[in-house]
Every structure is written in C-alpha cells, then in structure tokens.
Amino acid sequence: MPVLLRNIRITLEMIKIEHTLFALPFAFLGAVLAANGLPSLKQLLWITLAMIGARSTAMAFNRIADREYDALNPRTSTRALPAGLLSVGFAWGFTAISAILFFVAAAMLNRLALMLAPVALGSVLLYSFSKRWTLLSHLLLGWCLSIAPMGAWIAVRGTLDSLVPLLLSLVVLLWTAGFDVLYACQDYDFDLKAGLYSIPKRFGIPRSLLIARLFHAGAFAALLALYWLTHLGVFALIGVVATAGLLIYQHRLVRADDLSRLNAAFFTTNAFVSVILFVTFGGAALLRTLS
C-alpha cells in the first residue's frame, strides 16, 4: 500500500493535477450558460469527473509518449518517467483507469456526450504526437482545451444549439494557443536539435512572441463577441476588462531577449483568466435568473 500511494502521488505530480483548474472553470461556465443558471448537482458532479478523467488521461499519455524526448531535454529530464521515479507500466494503468472514468462520466450525462467522447479523447491523445509532424500543435492543444465548454454545454442540454458555447470555445482555443506558443519558446534550442516542430522553431522567438499576441488578440475579440451575444451586463464586462489586463500583463513580462519571467507569465495569468471569466460571466448569468 505505501508503494501504491507513493506511485499515485508521483503520478499526480507528474500530470500536474492542479492545472485542471485552468480548464475546469471554463467547463463550469459552459454548464452555467447552458442551464441559464445552476445545472443540477448530478450534472456538475459528472462534468467534474469527466474533466478530471479526460485531462488525467491526456497528461499521463503525453508523459508516456514523450518520455524519450523528455530524457534528452534538460528542462524535462527530471520528470518522473525519464528519471525512473515511476514505471511505464504504472503510468499506462493510470491512463487506462482515467480513460474509463471519462467514458463512465460521459455515459452518465447523456447519449450525445457519450457519442462524442471518443472524439474528445482521440483529440487529446493525438496532441501528444503532434509536435513530431506539425507546427500547429499549439492550435491542436487549444482545440483540446476548447472541448471543455462545448462538452459541458452538451452535458447540460444534450445538444449544441447556440453560438454561445462555440464562441466560448474559440476564446479558450486561441487563449491556449497563445500561451502555448509563449511556453514553447523555452524549448527553442531543444526543438532544433530534436527535429520537433513548433512555431518558435519555425519563426524564431521574436516573431513567435508576435504570433502569441495575435492569438490572444483573437481570443479577446471572441470574448467581446461572447459578451455582446450573451447580454450579461456590467458584471460580465468586468471580466472582459480584467482578462484584457491580464493578457497585456502576460506579454509585458516576456521579451525575446529575456524569457526568465515566462513561468510567472504562464502561471499567474493562466491561473486567473479562467476563474475570472467563470466568476464574472457565470455570476452575471446566475444574477439574471434571480432578477
């Protein structure tokens, strides 16, 4: 039992389970907007378990698929699998259990959620190999996270019948792609040596920072469109303004000749953007139902 608990702890650290917080508020926001208020406790429970299952599957599989590259990259060589802290077999077992949890949760929500579950899971698994053949892996990662609000909308309504979840998903897609381009700048030298594909490798760090800004400008434009479409008032507008401020702050922290504060940009803004939008847009939706 102590060994099992140790392996579980190491696995949760390896997949950075706490980063589920980046996507979970977007799923909750999609659910609140779909319900025009509070979804049922049952729906919230299974949405949460579906998110945990999907992300855990994706991250564990990604660590398995990338373990040889991680061993060669100084930034990632201390991760659990290349460092020998965890066996590949245990990681595969954790991946399988997480995938089962995801499918069970989808089945407990509704038929359409279950039917689309293989598409969602296939997308997150495909991402693990995308840097081997395309520089658009950043957008694929954005697509993977953008499934969260669409999936939550479907979980509540059983259909995709509005532009609202599509706009919210577009915000998530472009927001994620932008910060992933920034994050990939750290691996510019390694990607060159290993023959991996990325926007920083193809365009260089200065132009990649500009591309990241363009992605985030697109995310902000989609957020403005979402605000206009939902008519959620001043409280939601506060979220729009706060998100703009955080994105500007993120890009002010990072320069082509100084990436030392990149982790601060990544964790500070990404930890808050999804929470701020959930509190402001979700709160405005709940207030509207009470008025």
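The values are calculated or read from the model by the stated rules, or taken from the named source; none is laboratory data. Since this is a predicted model, take the numbers as computed values, not measurements. Note that each Cβ is placed from the backbone with ideal geometry, even for glycine, and that neighbours are counted across all protein chains shown. Side chains included, ligands, DNA and RNA excluded: accessible areas come from the protein's heavy atoms. Shrake-Rupley method; radii C 1.70, N 1.55, O 1.52, S 1.80 Å.
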Lysines whose Cα lies under 16 Å from that of Lys193, excluding same-chain neighbours fewer than 8 positions away: Lys131, Lys201
Can you bin every Cα-Cα distance in the stretch 156-291 into 10 Å intervals starting at zero and give me the percent of pairs per bin, rounded to whole numbers? 12, 38, 28, 15, 6, 1
In 5 Å bins starting at 0, how do the alpha-carbon pair distances of the stretch 47-94 split up by percent? 5, 23, 27, 21, 13, 8, 3, 0
Long-range Cα-Cα pairs in the stretch 71-218 (distance over 20 Å), rounded percent: 59
Show me, for the stretch 161-177, the HN-Hα J-couplings you get by feeding each phi into the Karplus relation (A = 6.51, B = -1.76, C = 1.60, θ = phi - 60°), rounded to Hz, glycine and proline as x. 10, 7, 6, 4, x, 5, 5, 4, 5, 5, 4, 5, 4, 6, 4, 5, 4
Regarding the stretch 162-208, what's the average projected area of the Cα-atom convex hull, expressed in nm²? 3.6
Net charge, Gly84 excluded, C-beta distance under 14 Å - Lys, Arg +1, Asp, Glu -1: +2
With all protein chains present, the stretch 56-211 has a carbon and sulfur share of its accessible area (1.4 Å probe) in percent of 68
Semi-axes of the stretch 94-156's equivalent ellipsoid from the Cα gyration tensor, sqrt of 5 times each eigenvalue, largest first, rounded to whole Å? 23, 14, 8
Which trypsin sites (Lys or Arg not before Pro) from the stretch 63-98 combine a DSSP loop assignment with at most 14 other Cβ atoms within 10 Å? Arg75
Principal semi-axes in Å for the stretch 187-256 [√(5λ), Cα gyration tensor, largest first]: 33, 13, 8
Give the accessible surface of the chain per residue, rounded to a whole number of Å², with probe radius 1.4 Å and ligands, DNA and RNA excluded. 46
Could you list the square roots of 5 times each eigenvalue of the Cα gyration tensor of the stretch 1-131, that is, the equivalent ellipsoid semi-axes, sorted largest first and rounded to whole Å? 29, 15, 14
Here P(r) for the chain, Cα-Cα distances in 5 Å bins, as whole percents, is 1, 6, 12, 16, 17, 17, 14, 10, 6, 2, 0, 0
